[in-house]
Amino acid sequence: MDNEKIVELVRDTLVAAGSTFKQDKKDAYIKAISTETNERAKWVMRTIMDNAEAAEKNKSPLCDDSGIPHLVLEVGPNAIVTGNMLSSIKKGVQEGLRMLPGRPMGIMGNDSQRIDQSGGLNPDPAGVEPSPILLRQIDEDVIRLHILMFGGGPAIRAKTYRIFHKHNTQNILDEIVNWSKEAALQLGCTPCTLAVGVGRSHFEAASMMMQALVDGRYNCQSDMEESITRRVNEADVGPLGLHGKTTVLATFMKIGPQRASGVRVVCVRPCCCFEPRIASIDL
């Protein structure tokens, strides 16, 4: 595939990620609305769905916080990724941010100025740099790019830390539930989707969390995922904190390799009511 075509495909995929709910997420909202008994919670979720319908129709951002692009690149056995392809992907991301448009929130300046935010905002939406690309091998003979748009609220409420397992999986699940209840209460923009990664290091746990979002499906939950969702929903936070049955729509969890140790490193991201904002394309 030529570089210009890659740029075009990546551009359109980013716009789709920032403006569109996948069908399984739409179905999850429809199911939650049908089973919710709190009328205020129902109204919130109907309004979220109306917003999503308008965003998809207009190819406009689902939220004012249009997000920071996070990229997962899957590479098949015989596929070849070149430096030119990576440059085209980056250019496609930039064009997509301008087209969406993304909120211009890139900070300019040197290291210190970017930290203290004294360098000023870049007025170009493409000034929002994407995160480093996460690469993973797959069995399919393709190159597949997933674009996720990560908002600031979930990042603020996320947590990556060690948990003592005490040779009992339930100890890990209990702590994940405790973290998630606290995060959902503070997040504001619920119902959320919980993304959970368990690894041997902070990097690996965060990588597992991202892969959980790529692989997760609202209509297919493991026993552990269902258990976490059910227990956090018992907290009665509800949509926008207005109480009700629906604090969490689903949990996406991925467990990586583990080491002989007394701890597991766990990453939990309470994705907001619009996340995961994700779209994918084969290049």
Selection from the range 89-114 of residues farther than 24 Å from ASP64 by Cβ, more than 23 Å from the chain's Cα centre (by Cα) and in a helix (DSSP H, G or I) yields ASP111, SER112, GLN113
Counting only residues that are open to solvent by 40 Å² or more (accessible area, probe 1.4 Å) and either of a type in the set (Phe, Trp, Tyr) or farther than 26 Å from PHE203 by Cα (or both), the range 242-269 contains a total of 3
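Take the residues in the range 218-236 that are within 18 Å of TRP179 (Cβ to Cβ) and hydroxyl-bearing (Ser, Thr, Tyr), then tell me which one is surrounded by the fewest Cβ atoms within 10 Å (Cβ to Cβ). Lay out the reasoning, then the answer.
Start the filter on the range 218-236 by keeping residues that are within 18 Å of TRP179 (Cβ to Cβ), which leaves 224-236.
From what is left, the residues that are hydroxyl-bearing (Ser, Thr, Tyr) are 227, 229.
Details: SER227: 16, THR229: 21.
Here the answer is SER227.
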Among the residues of the range 63-97, the number that are within 22 Å of MET1 (Cβ to Cβ) and of a type in the set (D, E, K, R) is 4
Restricted to the range 51-71 and to residues being open to solvent by less than 80 Å² (accessible area, probe 1.4 Å) and in a helix (DSSP H, G or I), the residue farthest from ALA212 (Cα to Cα) is ALA54
Yes or no: SER131 touching a residue at least 60 places away in the same chain (Cβ under 8 Å), among the hydroxyl-bearing types (Ser, Thr, Tyr) and not in a helix (DSSP H, G or I)?
yes
Hey, ASP215 out of contact with any Ser or Thr (no Cβ under 7 Å at 6 or more places or on another chain), open to solvent by 10 Å² or more (accessible area, probe 1.4 Å), at pLDDT 95 or above and closer than 14 Å to THR193 by Cα or not: yes
Pairing a residue in the range 1-18 that is touching a residue at least 40 places away in the same chain (Cβ under 8 Å) with any residue that is hydroxyl-bearing (Ser, Thr, Tyr), where Cβ atoms lie under 6 Å and the two sit 6 or more apart in sequence or on different chains, gives ASN3/SER88; ILE6/SER88; VAL7/SER88; GLY18/SER66
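Check the range 203-213 and report whether any residue there is in a strand (DSSP E or B), among the hydrophobic types (A, V, I, L, M, F, W, C), within 14 Å of the chain's Cα centre (by Cα) and closer than 24 Å to LEU97 by Cα.
Checking the range 203-213: not a single residue is in a strand (DSSP E or B), among the hydrophobic types (A, V, I, L, M, F, W, C), within 14 Å of the chain's Cα centre (by Cα) and closer than 24 Å to LEU97 by Cα.
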Condition set acidic (Asp, Glu) and surrounded by 13 or more Cβ atoms within 10 Å (Cβ to Cβ), scope the range 9-50, selection nearest to LYS90 (Cα to Cα): answer is ASP12
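The values are calculated or read from the model by the stated rules, or taken from the named source; none is laboratory data. Because the structure is a prediction, the values reported are computed rather than measured. Don't worry about glycine lacking a Cβ; one is built from the backbone with ideal geometry, like all the others, and counts go over all protein chains shown. Only protein heavy atoms, including side chains, enter the accessible area calculation; ligands, DNA and RNA are left aside. Shrake-Rupley method; radii C 1.70, N 1.55, O 1.52, S 1.80 Å.
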